[in-house]
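Peer 1: Here you go, one structure.
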Amino acid sequence: MKRPGPTVRIGRALALGIATTFLVVGCMAGTQGEAMAEYDAAPSRTAGAIAPAEPAVSMEEQAMPENEDALMDRSEEGAASSVEAQAQPGGQPEQRPERMRVFSATLELSVASVERAREAVLMLLESVGGYVESSQEDYLVLRVPAERFDSTLQEVESLGQVLSRFIETADVTDQFVDMQRRLEIARASRERLYELLERTDDSDEQVAILREIRRLTEEIEQISSRLESLGSLVAYSRITVQLRPRLAGEDVLLDRIPFPWIAALDPLTATIGRARRSIDAELPADFARFSEGRLIRAESADGVRIRLGGRENAPEGDDEFWREALLFHRGPLYAEATELEIGDFHGVSFLSRDVEPYVYWVLVHVRDGELLVAEFFFPSREVLAEHRDDCVGWLQEVTE
């Protein structure tokens, strides 16, 4: 999140605007994620996205107070009071919002022909009004209307033998409501600054007010984009289909890897378990968080997947040992494999052999005798460029 710049020493009129802009709601609430939900026991998938409403903030024309104390008192009643009036119309208690849930499934299917199975999946997707988020030769990431999640999942399963199925749900209601409130307050604060701009003739104050308006505008655009991303995750559920031919040559290479956890790694499927103790780092606000605490799993609207967990450090090795093992044993499966270092984590960035390749990061760090394993999946290099800074910053916080 972009932080406000240093405090500017300004006159009475600007003090009102600056004080107002800092009345922003606090940190994001917990997501109450429901990780690893069983398919048969999963809640209804019919929840829809709640579009952020444009706040109808009423601004009174007020005479300027005669002293700065009165000015600051009036400023504290500004944007926050008008937003509160919207949240509680007519003085009535605020109603509980409709729960907003994100659903994501990963299927691994054994099929006689990858090409024919792929064509069948695409025909099914068109019939339910969904779209392809990303795809490679042997996997597809589908987005389907939330109300068609159950039925589509069943039909995709019928196209082959189900080797594995993993379904997750995340409740993003608190994230969404919190960001809506922050957006309303930021907009109300900006409107009050526009009023102040019209009232002052001092050029220095005008420059400072315009600078603060610009900062608020950037914040409003950022929050609006995150709201749109969360809304997309709710409205369209994600189904990832990994197609495995009944005779797979790649399995021969994997069978030769002496470390089972490295052999089991998969960019689309979670294979690492829970860490011994909690992992504390705040994920980016526009990610749906399926699991937090000792095992972190999250997804973005454009297909980025973050996973972080732990396993026994056996055989005992340091970060460099495990990075070399990843390079040696997994590198031959990819077009490129380059060393990567983020904070205390050491790992490898893998680039797939596809025409439009995906990027898969695997990083490790030994913490108190336990091996932490972080995985990042980016469906394309363009998506990687967009999310790189957020992902790097988040992983750096893990061991700070």
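The values are calculated or read from the model by the stated rules, or taken from the named source; none is laboratory data. Quantities reported herein were computed from a predicted structural model and do not represent experimental measurements. Cβ: placed from backbone, ideal geometry, glycine included. Neighbour counts: every protein chain shown.
Peer 1: Check the range 277-298 and report whether any residue there is surrounded by fewer than 21 Cβ atoms within 10 Å (Cβ to Cβ), more than 20 Å from the chain's Cα centre (by Cα), assigned by TED's automatic domain parsing to the domain that holds Phe328 and not small (Gly, Ala, Ser).
Peer 2: So far as the range 277-298 goes, yes, one or more of its residues are surrounded by fewer than 21 Cβ atoms within 10 Å (Cβ to Cβ), more than 20 Å from the chain's Cα centre (by Cα), assigned by TED's automatic domain parsing to the domain that holds Phe328 and not small (Gly, Ala, Ser).
Peer 1: Look through Asp319, Asp266, Asp302 and report the one residue that is among the acidic types (Asp, Glu), surrounded by fewer than 22 Cβ atoms within 10 Å (Cβ to Cβ) and touching a strand residue (DSSP E or B) at 6+ places or on another chain (Cβ under 6 Å).
Peer 2: None of the others qualify; the one that does is Asp319.
Peer 1: Hey, any hits in the range 238-250 for a residue that's modelled with pLDDT of 95 or more, closer than 30 Å to Ser104 by Cα and either hydrophobic (A, V, I, L, M, F, W, C) or assigned to a loop (DSSP other than H, G, I, E, B) (or both)?
Peer 2: Scanning the range 238-250 turns up at least one residue that is modelled with pLDDT of 95 or more, closer than 30 Å to Ser104 by Cα and either hydrophobic (A, V, I, L, M, F, W, C) or assigned to a loop (DSSP other than H, G, I, E, B) (or both).
Peer 1: Let me ask something additional. Which residue out of Ser135, Ser113, Ser127 is modelled with pLDDT of 85 or more and under 14 Å from Leu153 (Cα atoms)?
Peer 2: Residue meeting the stated conditions: Ser127.
Peer 1: Let me ask something else. Being surrounded by fewer than 22 Cβ atoms within 10 Å (Cβ to Cβ), acidic (Asp, Glu) and more than 24 Å from Thr271 (Cα to Cα), is that true of even one residue in the range 180-193?
Peer 2: Yes: the range 180-193 contains one or more residues that are surrounded by fewer than 22 Cβ atoms within 10 Å (Cβ to Cβ), acidic (Asp, Glu) and more than 24 Å from Thr271 (Cα to Cα).
Peer 1: Would you be able to tell me the number of residues in the range 158-184 that are over 23 Å from the mean Cα position of the chain (by Cα) and either among the charged types (D, E, K, R) or closer than 30 Å to Val234 by Cβ (or both)? Working first, answer last.
Peer 2: Kept after step one, since they are over 23 Å from the mean Cα position of the chain (by Cα), are these residues of the range 158-184: 158-164.
Remaining after also requiring either among the charged types (D, E, K, R) or closer than 30 Å to Val234 by Cβ (or both): 158-160, 162-164.
Total satisfying the criteria: 6.
Peer 1: Report yes if some residue within the range 222-236 is more than 16 Å from Gln180 (Cβ to Cβ) and of a type in the set (Ser, Thr, Tyr); otherwise report no.
Peer 2: Yes.
Peer 1: Within the range 330-352, count every residue that is farther than 22 Å from Arg256 by Cα and of a type in the set (Lys, Arg).
Peer 2: 0
Peer 1: Name the residues in the range 332-385 that are in a strand (DSSP E or B), among the aliphatic types (A, V, I, L, M) and farther than 22 Å from Asn313 by Cβ, would you?
Peer 2: If the condition is that a residue be in a strand (DSSP E or B), among the aliphatic types (A, V, I, L, M) and farther than 22 Å from Asn313 by Cβ, then Ala337, Leu351, Val359 are the ones that fit.
Peer 1: Hey, another quick one. Restricted to the range 386-400, and to residues that are under 24 Å from Glu312 (Cα atoms) and touching a strand residue (DSSP E or B) at 6+ places or on another chain (Cβ under 7 Å), which residue is modelled with the lowest pLDDT?
Peer 2: Filtering the range 386-400 for residues under 24 Å from Glu312 (Cα atoms) gives 394-400.
Narrowing the set further to residues that are touching a strand residue (DSSP E or B) at 6+ places or on another chain (Cβ under 7 Å) leaves 395-396, 398-399.
Working: Leu395: 94, Gln396: 93, Val398: 90, Thr399: 80.
Only one residue fits best here, namely Thr399.
Peer 1: Mind telling me which of the residues Phe176, Phe259 ends up being under 28 Å from Pro379 (Cβ atoms) and crowded, with 20+ Cβ neighbours inside 10 Å?
Peer 2: Of the residues listed, the single one that is under 28 Å from Pro379 (Cβ atoms) and crowded, with 20+ Cβ neighbours inside 10 Å is Phe176.
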